[in-house]
C-alpha cells in the first residue's frame, strides 16, 4: 500500500502558524463555530484555533478541534446559538444564514472550492476575519511553494490516465471538479471525463465495471478507504478488475478520504500522493 509521505515543511507550516500570536487585539474575544471541516482546518492552520468554541461532528482534524454533535448538513440555529458565537463558518448558506444573522451572528460562507485559487482565497479570508491575516498569507505561500516543488518533482505524465474513486458504487470526479483540477496539474488524463461530457452529472458521474475495464486507467486512486474500507486487495477482487493495468502493475493508491475530499491546507498531502505515485511508476 502506498502511504502518503510526511512533509516536514507542512508540519512546520501548521505548527508555526498555530503558535504565532499576531491576532489583532480587538479580535481576541471572538467566539467561532465552524460547520465546515475544511474551514476548521483552515482556522487552526492560521493560528486561530483558540477562537473556535465548537465545530461540527465531521470536523475530525486537528485532534484538538472542539468537536460537537452539530451537523453541517442539517444545522439547527438554536443549537448553534447556544455556543454564543460571534462568527459561524458554513459551506453553504441556505436558510441558516438569515436565521443566524437575524440574531446578530456573523456568517461566513465558503463554498466548495473549484480551483486551488479558491483555496488560497478562502485561507486569506479566514485570516482576515480572525485577525490572522499575516499567518494566512504565510500558509498560502508555503502551500504554493510545496505544491510547485511536488509537481516539478513528478515525471511527465502525458499519455497516462487515472480513475479517482469516491465510493464502491463507482462514483468518480471529472476534471471540472476541484479534485480533478489537482490531477490536471500533473497532466494526467481523467477516464471519467467522457462520462460527463454534457455536464449532467455536475462533474460527479457514476461509472460501471465495464466502462472502467474498457478505459483501463494507468492509475487508480481510492478515496473510499475509510468510509467504505476499500483497498488494493478489495479492488483486485472485483469482477474483471484483475485485468486492469493499474491492478496488474501495482498502481492502486489508497488515499485518506478526508484529505482527498477537502480543499484546505492538507491538500498538500493529496498533491504529494499523486506526485509519489508518478515517481513510483
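Just one of the numbered conditions (1) in contact with a helix residue (DSSP H, G or I) (Cβ under 7 Å, 6 or more places away or on another chain); (2) in a loop (DSSP other than H, G, I, E, B); (3) farther than 21 Å from residue 271 by Cβ is not true of residue 228; which one?
Result: residue 228 fails condition (1) only.
Restricting the search to the range 86-107, which residues are free of Cβ contacts under 8 Å to residues at least 40 places away in the same chain and within 30 Å of residue 175 (Cβ to Cβ)?
Those that are free of Cβ contacts under 8 Å to residues at least 40 places away in the same chain and within 30 Å of residue 175 (Cβ to Cβ): 92, 93, 94.
Looking at (1) surrounded by 15 or more Cβ atoms within 10 Å (Cβ to Cβ); (2) in contact with a helix residue (DSSP H, G or I) (Cβ under 6 Å, 6 or more places away or on another chain); (3) within 19 Å of residue 219 (Cβ to Cβ), which one does residue 171 not meet, given that it meets all the others?
Condition (2) is where residue 171 drops out.
Any chance the range 74-81 includes a residue that's modelled with pLDDT of 95 or more, in a loop (DSSP other than H, G, I, E, B), in contact with a strand residue (DSSP E or B) (Cβ under 8 Å, 6 or more places away or on another chain) and outside the structural domain of residue 189 (by TED's automatic domain parsing)?
No, there is no match, as no residue in the range 74-81 is modelled with pLDDT of 95 or more, in a loop (DSSP other than H, G, I, E, B), in contact with a strand residue (DSSP E or B) (Cβ under 8 Å, 6 or more places away or on another chain) and outside the structural domain of residue 189 (by TED's automatic domain parsing).
Quick one: what pairs do we get from the range 160-173, first residue assigned by TED's automatic domain parsing to the domain that holds residue 253, second part of a strand (DSSP E or B) and surrounded by fewer than 17 Cβ atoms within 10 Å (Cβ to Cβ), C-beta under 6 Å, 6+ apart or different chains?
Taking only residues 6 or more apart or on different chains, the pairs are 170/206; 171/206.
The values are calculated or read from the model by the stated rules, or taken from the named source; none is laboratory data. Bear in mind that the values here come from a model prediction, so they are computed numbers and not experimental data. Glycine gets a Cβ as well: all are built from the backbone with ideal geometry, and neighbour counts include every protein chain shown.
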